[in-house]
Amino acid sequence: ALLFITVYTADGFLFYAEDHCVFNSTKLDDIEYIKSYYYQKLEFTRFSSSVGKYVGYTEYGVRNAEAWNNLPGELSRMRNEKERYCLINVGNDHEAAL
């Protein structure tokens, strides 16, 4: 799986976002794009291309998911990340592994 992490710290608190691709082959249908948001090591919101929308796991995460799911164009943009972000990288990783 591919993994990219962005970390922000402020006043000792830790926020980070993680993008990753889960795949069994290089075919687009076999790839799942996931973007997770964490605070203090607790995942609070996630977008999954398999679900097609944001899902919240905490009270704050549920509010984020609801707001982000209702932003014009946001879900379309995130659904396209599977092809834009994952497809080329999965192909490169698969080729390098062979």
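The values are calculated or read from the model by the stated rules, or taken from the named source; none is laboratory data. Remember, it's a predicted structure, so these values are computed and weren't measured experimentally. Cβ coordinates were reconstructed from backbone atoms using ideal geometry, including for glycine residues, and neighbour counts include every protein chain displayed. Each accessible area value is taken on the protein alone, full model and side chains, heavy atoms only, with ligands, DNA and RNA left out. Shrake-Rupley method; radii C 1.70, N 1.55, O 1.52, S 1.80 Å.
Tabulated values for the structure
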item	result
Potential extension, residue 84-residue 50 segment - 0.36 nm per residue separation minus Cα distance	10.7 nm
Shape metrics for the range 15-97, restricted to C-alpha atoms - Rg then Dmax, Å	13.6, 42
Lys, Arg +1 and Asp, Glu -1 on Cβ, resulting dipole of the range 15-97 about Cα centre, debye, nearest 20	240 debye
Solvent exposure ordering (accessible area, 1.4 Å, most first) of 62, 90, 55	62, 55, 90
Area accessible to solvent at residue 77, 1.4 Å probe radius, in Å²	120 Å²
